[in-house]
1. Basic (K, R), within 28 Å of T2 (Cα to Cα), in a helix (DSSP H, G or I) and within 23 Å of the chain's Cα centre (by Cα) - does that describe any residue in the range 107-130?
2. Taking the range 135-151, which residues are more than 17 Å from the chain's Cα centre (by Cα) and either modelled with pLDDT of 95 or more or at positive phi (or both)?
3. From the list L74, L25, L40, L60, which residue is part of a helix (DSSP H, G or I) and either at pLDDT below 90 or surrounded by 12 or more Cβ atoms within 10 Å (Cβ to Cβ) (or both)?
4. From the residues in the range 1-16 that are outside any loop (DSSP other than H, G, I, E, B) and closer than 17 Å to S41 by Cβ, which one is modelled with the lowest pLDDT?
5. Can you confirm whether Y105 is over 30 Å from G22 (Cβ atoms), in contact (Cβ under 8 Å) with a residue 60 or more places away in the chain and surrounded by 15 or more Cβ atoms within 10 Å (Cβ to Cβ)?
6. Scan the range 170-180 and give yes if some residue there is under 14 Å from the mean Cα position of the chain (by Cα) and of a type in the set (D, E), otherwise no.
7. Would you check if I171 is buried (at least 20 other Cβ atoms within 10 Å of the Cβ) and not in a helix (DSSP H, G or I)?
8. Let me spell it out: the conditions are (1) farther than 30 Å from K131 by Cβ; (2) surrounded by 10 or more Cβ atoms within 10 Å (Cβ to Cβ); (3) assigned by TED's automatic domain parsing to the domain that holds L161; (4) among the hydroxyl-bearing types (S, T, Y), and T79 meets all of them except one. Which number is the exception?
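The values are calculated or read from the model by the stated rules, or taken from the named source; none is laboratory data. Note that this is a predicted model, so its numbers are computed, not measured. Backbone-built Cβ (ideal geometry, glycine too); neighbour counts: all protein chains shown.
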Amino acid sequence: MTVIVIRHKRRKRAAFFVTPEGIELRIPARLPNRVVETILSEHADWIAERLATLPKRVVLPEDRLNLHGETFPLVKSDTETRFRFDGQNFHCPVVWDESSLRKAYEAWLREQALAFVTKREPYYERQLGVKANRIRIGHQKTRWGSCSSTGTISINVRLMLAPPDVMDYVIAHEWSHLVHFDHSKAFWSTLASVYPDITGAMGWLKQHGHTLQIKKAN
């Protein structure tokens, strides 16, 4: 992994972000290259330390796929007509190319993610006394979830690759934003009342979040 410099028209100042591809330095569009070089030089030690602490991204062999923090065999068969999971193995038609497999895999993960969130929704509604107007499953690059001012909650499909309790943390986090639309002390207190192990879940995402990758189809 390395540092990727990305220019944004609306960004007013430079900032580092850890992403699945490495570390991003997001900067204002017109920031001079010499200033960028200075920023990278001044933060060289931090960059090196941060990259060193990140676990290597595990590249799965083509015959295995991820789900809920585990890997399962992918069985290709000439009698199979669709993508499915039987609890122990994934299955797909042997004639599928990588693009077809990846599309089906992500589509399946999205369906499962929506089912997971929908299953947890009643619990957080009862505990917090709030209801989401809409649930959306996205494929965000850097955000695990979001809650809009109109009550739309978005959960990243890549969380289906994390342990279930980590995904549940993000759900609890976003539902708590329906009560407090900020990160105030009141918000964290509300979140802790429905999900006590905030530190554990946040620590897991900080250490392993960049490994949660769904390779997009061509």
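1. no
2. Hit for the range 135-151 is G151, nothing else.
3. L40
4. Looking at residues that are outside any loop (DSSP other than H, G, I, E, B) and closer than 17 Å to S41 by Cβ, I get T2.
5. When the stated conditions are applied, Y105 does not pass them.
6. Yes, there is a match, as at least one residue in the range 170-180 is under 14 Å from the mean Cα position of the chain (by Cα) and of a type in the set (D, E).
7. So I171 fails the test.
8. Of (1) farther than 30 Å from K131 by Cβ; (2) surrounded by 10 or more Cβ atoms within 10 Å (Cβ to Cβ); (3) assigned by TED's automatic domain parsing to the domain that holds L161; (4) among the hydroxyl-bearing types (S, T, Y), only one is false for T79: (2).
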